[in-house]
Amino acid sequence: PFNINSIGYEDGAYISPDESFLIFESDRADGINGFIGLFISFKNKKGQWSVPVSMGPKINSGKGERFARLSPDGKYLFFGSARNRSETNIGADIFWIDAKVIDEIKNSAASKMIIEQPLGNDILTTLDQRKVDNAAILLNQWIKKYPANKDAIVVYSSLLRKQKNYATAAKLFPGDPSQWKENSKMIVEMALVKFGLKDETGADQLIGSVLSDEGQRGYYLGYLADELFNMGEYAKSDVFFDKAYGINQSIVAHYNRACGYALIGKKDQAFALLNTAVEKGFNSKDQYENDADLASLKTDMRWAALMQKLDAPYNGRTPYKRAHHEMVYD
């Protein structure tokens, strides 16, 4: 149930030989800096799982930890980490630590909070089914039970933004924003709420520190572009989109954004982006003709002119395409 599973990223699951704990990697906001790290959940004698907790700074660096495994004798915990990544050291190195760290976490108060199974299942179901209103009600209940659950706060805030309920979302982040300075996901979500409240100065101040980190800049520029698009802040979204494209020049980026504009009836922006997509090499005629997201453009005289530019044969593969009209949670 939620929040062992979430709408975000979970991978690399490892269950102990006696099935008493589960370790997995996730990029949820409860980790160090909201980056990929290892989390652990414990099962009690009744078969109930605890709310997952970050395995903490003895293991997680905020640079990316993955794929935990115990040694056969159970004395050591091995895991991969990208903390030493550089131009000459690509990928992850293998680290190990005394497995007693697991007992230390198990004895902490945070690891003893048991997931309320029906509520956790209902939350995951409503999120998967994109039932924003229902999911928001359930997540509000969850946060009242687990007020320190940062990932739930971020997800709940994103749902409130979809409801245009920015004032309520702002109340989820009380106090001085500096308390979140080490958590990029919290900072970016706070900034999006401020954009919704038309406080662009406050939003820009918040995301300045996040975007100054070269390792995160490309990801968060793209995320801001998508979320602001979904919020209807198109001009601001396009600014971030252009910056994100400058870092990661994806061949399909302009096409994806054009689909989003076509779906909301902004034909001028859609055609401009489609022409750019063609120039960048995204030029499979079958892809354009068969994409339902572009249906609103086909009665426009500019469509025929665009089709004349498309002469590349369809290669039988479906390109990566992210529809901007769908809800984006993470």
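Of the residues making up segment 240-298, those that are among the basic types (Lys, Arg), open to solvent by 50 Å² or more (accessible area, probe 1.4 Å) and closer than 22 Å to GLY218 by Cα number 2. Restricted to segment 135-154, and to residues that are assigned to a helix (DSSP H, G or I) and open to solvent by 80 Å² or more (accessible area, probe 1.4 Å), which residue is farthest from TRP180 (Cα to Cα)? Among residues in segment 135-154 that are assigned to a helix (DSSP H, G or I) and open to solvent by 80 Å² or more (accessible area, probe 1.4 Å), the one farthest from TRP180 (Cα to Cα) is ILE137.
Restricting to segment 69-95, name every residue that is crowded, with 16+ Cβ neighbours inside 10 Å and either within 22 Å of the chain's Cα centre (by Cα) or over 17 Å from ASP27 (Cα atoms) (or both). Can you show your working first?
Keep residues of segment 69-95 that are crowded, with 16+ Cβ neighbours inside 10 Å, which gives 70, 77, 79-82, 92.
Scanning segment 69-95 gives LEU70, LEU77, GLY80, SER81, ALA82, ALA92.
Considering segment 163-186, the residues that are modelled with pLDDT under 95 and assigned to a helix (DSSP H, G or I) include one that is most open to solvent (accessible area, probe 1.4 Å), namely GLN179. Filtering segment 19-35 for residues that are open to solvent by 40 Å² or more (accessible area, probe 1.4 Å) and over 25 Å from the mean Cα position of the chain (by Cα) leaves a non-empty set. Tell me yes or no: at least one residue of segment 2-11 is surrounded by 20 or more Cβ atoms within 10 Å (Cβ to Cβ) and free of Cβ contacts under 8 Å to residues at least 60 places away in the same chain. No, segment 2-11 has no match at all. Considering only residues in segment 294-330 that are assigned to a helix (DSSP H, G or I) and polar (S, T, N, Q), the one that is modelled with the highest pLDDT turns out to be SER296.
Specify the residue that is modelled with the lowest pLDDT; the eligible residues are those in segment 187-224 that are within 19 Å of LYS150 (Cβ to Cβ) and among the aromatic types (Phe, Trp, Tyr). Ranking the candidates gives TYR219 first.
The values are calculated or read from the model by the stated rules, or taken from the named source; none is laboratory data. All values derive from a computational prediction rather than experimental measurement. Neighbour counts run over all protein chains shown; Cβ positions are idealised from the backbone, glycine included. In case anyone asks, the SASA skips ligands and DNA or RNA and just uses the protein heavy atoms, side chains included. Shrake-Rupley method; radii C 1.70, N 1.55, O 1.52, S 1.80 Å.
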